[in-house]
1. Q166 to I206: extension gain in nm, 0.36 nm per residue of separation minus the Cα-Cα distance?
2. By how many degrees, between 0 and 90 and to the nearest 10, does the Cα long axis of helix 265-275 differ from the longest principal axis of the chain?
3. Working from Cα positions, state the angle (0 to 90°, nearest 10) between the long axis of helix 230-239 and the longest principal axis of the chain.
4. Is the shape of region 123-223 best called rounded, prolate or oblate, per the rule: a/c under 1.5 gives rounded, else a/b larger than b/c gives prolate, else oblate, with a ≥ b ≥ c the square roots of the Cα gyration tensor eigenvalues?
5. Taking R0 as 35 Å, what's the FRET efficiency between A281 and D257 from their Cβ-Cβ distance, rounded to 0.05?
6. How much length, in nm to one decimal, is gained on full extension between V87 and S137, taken as 0.36 nm per residue of separation minus their Cα-Cα distance?
7. Taking the Cα centre of region 175-265 as origin, sum charge times position over the Cβ atoms of Lys and Arg (+1) and Asp and Glu (-1), and report the length of that vector in debye to the nearest 20.
8. Below 8 Å, C-alpha to C-alpha, sequence gap of six or more: please give me the relative contact order for the chain in percent.
Amino acid sequence: MSLSELEIFIPSACGGRGSCGACKVRVLSDVGPHLPTELPYMSKNEIDQNIRLSCQIKLKKNIEIEIPDELFNIRRYQGTVERIRNVTHDIKEVYIRLDEPDAIEFSSGQYVQLIVPPYGKVKESTQRAYSMSSRPSDRNHVELLVRLVPGGIVTTYVHTLLKEGQQIAMTGPFGEFGVRETGATMICVAGGSGMAPFKSILYDMIEKGKKDRDIWYFFGARTRKDLFYLDELEEMAKKWDRFHFVAALSEPQPEDDWKGESGLITAVLEKYLSGVIDGEAPKEGYLCGSPGMLDACIAVMKKFNMPPEKIYYDKFA
């Protein structure tokens, strides 16, 4: 019997491919040495405690494991797709009404694992992690931003087969990508569907009246067709004095008639950290995007003396 059949759900942002490092459990039985696929995600202390990636361990007998208490609060949700909307040429906004009223309780920045059934040549159900873009105050719905990844099992299903009125399942909430209550200047960077947690975070802060700290939100895209929610974010910046939204295009086209920042989002981030944002103010980094973008942004933040332990992200590989 699997843990999920016992309604114990382990986070797995990559869907079991061993590329996110999220499914850590402490193994109390002998299952052999750490595998090369596990070691990049383990600290020396975790290795000493026999922390393992559960998706990488093939079992031939029963074993004893220890998991964090908070995972016992994770549950499976069933819902009906109420709305699907194209926000760009390759990102869909999926709005799901949960079957059970007031069912979900989560913090802005957390994610769920969307479960899709077998289809075509896919012979078993598959799940992938998606940050929630909905507001925590709405306990009846979950909103997700799903970007089409060529060859992606779940994204292909969402973009080609999922219909309004259809039932869909998910587990969650997972993750600790939430705002730290410190008052430090928030340096936020996202690209593509990495918009999702920031949409949730920003509207949650507005609803709770937490508008007393400086926020710089950098959003990177290739061309204008890759930008979305632009109007509402610019309107938010007009009404929220301490919120600053900076969109940048890395490959603006002539037809874009783009007047904003151009270049890689890391270059734009460096420009603002070096000459626009108060260099003396304490800062925290909040990132959501591809692993490559995260690594590049972290390097820039470290260059400007932002401590690594003050840079927060969920790396969905």
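The values are calculated or read from the model by the stated rules, or taken from the named source; none is laboratory data. If you're wondering where the values come from, they're calculated on a predicted model, not measured in any experiment. Cβ sites come from the backbone with ideal geometry, for glycine too, and all protein chains shown count toward neighbours. Ligands, DNA and RNA are stripped out before the accessible areas are found, and what is left, the full protein with its side chains, is counted by its heavy atoms. Shrake-Rupley method; radii C 1.70, N 1.55, O 1.52, S 1.80 Å.
1. Working: separation 40, 0.36 × 40 = 14.40 nm, distance 3.20 nm.
Taking Q166 through I206 to full extension adds about 11.2 nm, to one decimal.
2. Approximately 50 degrees, to the nearest ten.
3. Helix 230-239 sits roughly 60 degrees off the main axis of the chain.
4. In terms of gyration-tensor shape, prolate.
5. Working: r = 35 Å, r/R0 = 0.99.
For A281 and D257, the calculated efficiency is 0.50.
6. Roughly 15.7 nm would be gained on extension.
7. Details: 13 positive and 17 negative charges, 52 e Å.
That gives a dipole near 260 debye.
8. The normalised contact order for the chain reaches 15 percent.
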